[in-house]
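Structure record follows, encoded as structure tokens.
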């Protein structure tokens, strides 16, 4: 057992690591999420130009996650072997190229193919970053670090909405390309460029960081080793097989699936909801769509910080799910709609992101080594099947309901309600307390 490292200088060392890594990873995730969900804005013109119906759009939006699912676990295991620097760079370069190639979509079959390949290219990015953060930050720091990193999803909505709307309107017809084609190119190529930057910026572990002094490197490495020993028993618990056999991994996969159902309901359908209920102006849709994500950017960080300070995880996930379920139910009411619906969806979005800001502190606290790489990837990949199911099912329900969104929103409400109860069922009432050496 490693002795506890001295508390002297610990807060400063972790602040230094956080400022070096989290803003950079945050920006990378903004690009990833934009390239994943900007198809929701592209739909506003693609449906017109290519004749895509709601079912075809839902299938194409969701088929991304089939490729994602198939390659998620092997990708994360490779990352744990070769290091984050090389593998994250590879992921970003390939997904940026594939995202840009979507400008050549000419029919629904090409749309399906490129969305599938985009999922293959991006597989491993998010769980890889979650794994990477466990190398740098022990459990008592992790919820806030993940919360700050995942705020990128909200900021992608805040920034991406206005930017995507502006591209659609301003670039439509420029250079012989439609606005949706420019959208894929102008939001895809920056991801490939950032992949090159990753090669020169990221360090695989504190041991490799030239920006840390020797004492700081030693402190962070010993704290990481101690954190791993505290949450693990025998050597078998480090293996991928242990993660695959662990019922809690599959329980958390179910929770994540139910939460992601609601997340991608917002991500893929919010522009359509605004277009149906408030305005058809594409630039205005972009600005209005930023409102729910702006609310989420604030609440998810507050929830993560409070969870770290209190040491409580269970209700910091379950309670936001209950609030989101209620907000979706209110937004599903047929009247008055419009701005009332946007307020309800803002509460739902903020609550979903607040739940996700603490969710990853639960599985990452019980797995280490290869088991962490495999377990996090299993949970993320299985949960993200909802990224396929959510838009596909929503598209079918919407078409069968005469283009009405109320039944779709009711479905998301039920999903979040089940997520709250599943969280309480999977996690113990009494959670292990983190050791801290400073106040």
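The values are calculated or read from the model by the stated rules, or taken from the named source; none is laboratory data. The model shown is predicted, which means the values in this text are computed figures rather than measured ones. A quick note on method: Cβ atoms are made from the backbone with ideal geometry, for glycine too, and the neighbour counts reach across all protein chains shown.
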| request: Residue by residue through region 274-307, note down the ones that are buried (at least 23 other Cβ atoms within 10 Å of the Cβ) and within 20 Å of residue 399 (Cβ to Cβ). | output: 274
| said: Let me confirm something: among 133, 168, which residue is within 17 Å of residue 20 (Cβ to Cβ), outside any loop (DSSP other than H, G, I, E, B), at pLDDT 80 or above and over 14 Å from the mean Cα position of the chain (by Cα)? | reply: 133
| message | I'd like to check something: does region 251-258 contain any residue that is at pLDDT below 85, assigned to a helix (DSSP H, G or I), touching a helix residue (DSSP H, G or I) at 6+ places or on another chain (Cβ under 6 Å) and buried (at least 20 other Cβ atoms within 10 Å of the Cβ)? | response | no
| Out of 101, 44, 34, sole residue that is assigned to a helix (DSSP H, G or I) and within 21 Å of the chain's Cα centre (by Cα) | 34
| query | Which one of the conditions (1) closer than 19 Å to residue 187 by Cβ; (2) surrounded by fewer than 22 Cβ atoms within 10 Å (Cβ to Cβ); (3) in contact (Cβ under 8 Å) with a residue 24 or more places away in the chain does residue 110 fail to meet, given that it meets all the rest? | reply | (3)
| note | Pairs returned, first residue in region 22-34 that is under 15 Å from residue 195 (Cβ atoms), second residue that is not in a helix (DSSP H, G or I), beta-carbon separation under 9 angstrom, 6 or more apart or interchain, are 24/202; 25/202
| request: For residue 243, work out the one condition from (1) surrounded by 15 or more Cβ atoms within 10 Å (Cβ to Cβ); (2) out of contact with any helix residue (DSSP H, G or I) (no Cβ under 8 Å at 6 or more places or on another chain); (3) modelled with pLDDT under 70 it doesn't fulfil. | output: (2)
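Per-residue answers, yes or no, for (1) surrounded by fewer than 23 Cβ atoms within 10 Å (Cβ to Cβ); (2) more than 18 Å from residue 50 (Cα to Cα):
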| position | (1), (2) |
| --- | --- |
| 83 | yes, yes |
| 86 | yes, yes |
| 92 | no, yes |
| 103 | yes, no |
| 137 | no, yes |
| 142 | no, yes |
| 146 | no, yes |
| 155 | yes, yes |
| 200 | yes, yes |
| message | Kindly evaluate residue 330 against the criterion of being surrounded by fewer than 18 Cβ atoms within 10 Å (Cβ to Cβ), under 19 Å from residue 265 (Cα atoms) and modelled with pLDDT of 85 or more. | response | yes
